1. Which members of the range 116-134 meet the condition of being free of Cβ contacts under 8 Å to residues at least 12 places away in the same chain and touching a Leu at 6+ places or on another chain (Cβ under 9 Å)?
2. Specify which of the listed residues (I32, I86) is in a helix (DSSP H, G or I), at pLDDT below 90 and farther than 24 Å from D121 by Cβ.
3. Just to be sure I understand the filter: pairs with C-beta atoms under 7 Å, separated by 6 or more residues or on different chains, first member in the range 40-65 and within 17 Å of D121 (Cβ to Cβ) and part of a helix (DSSP H, G or I), second member at pLDDT 95 or above and among the hydroxyl-bearing types (S, T, Y). Which pairs pass?
4. Could you check K113 against (1) free of Cβ contacts under 8 Å to residues at least 40 places away in the same chain; (2) in a helix (DSSP H, G or I); (3) in contact with a helix residue (DSSP H, G or I) (Cβ under 8 Å, 6 or more places away or on another chain); (4) of a type outside the set (F, W, Y) and say which number it fails?
5. Pick out the one residue from L97, L68 that is within 21 Å of K29 (Cβ to Cβ) and either aromatic (F, W, Y) or surrounded by 14 or more Cβ atoms within 10 Å (Cβ to Cβ) (or both).
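The values are calculated or read from the model by the stated rules, or taken from the named source; none is laboratory data. Nothing here was measured: the structure is a model prediction, and the numbers come from that model. Because the Cβ atoms are built from the backbone with ideal geometry, glycine has one as well, and the counts that use them run over all protein chains shown.
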Amino acid sequence: MKTTFKSFLFILVLSIAVYSQGDKRGDPKEKIEALEKIKLLETLDLDEETALKFFARRNEHMSNMKKLFDENDLQFGKIENKLSSIKDENDPELKKLVDNYLAAHLRIEEEKKRFFNSLSDILSNKQLAQLAIFERRFKEEIRDVLFRHKKRKWD
């Protein structure tokens, strides 16, 4: 089973490498997601069955998160639109829009917590902790790479 998993991982890495060399204009988001999956597999040291369960739940979580981020962006846009046409600084509608924005943000945090709690039957506490650390560090690394790249363009 471990050999099958390693074969799967090797084929995945090889296909990513071939794909990335074929089209230099490929979607960077897809490349980052593929890299994230590979690094997650390494960090959590998952067997094949656990990896399948984990990524099924993670895909559902990511879909939920996209919807929640879209809702959060919508609420943000409503606030921006209202601010551009505001006449009364204490407009109660503006307060309601801010409350809706904060509620949407809270739903994002609740979804993260739900996702982590849903993994307790397939991941150990150590793996859950590794996942929490991984998510933050991976985002920081991507942010650092992007800002370093943008800074070079501006220089």
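1. Across the range 116-134, the qualifying residue is only S120.
2. Answer to the selection: I32.
3. If the second residue must be at pLDDT 95 or above and among the hydroxyl-bearing types (S, T, Y), the pairs left are R57/S118.
4. It is condition (3) that K113 fails.
5. L68
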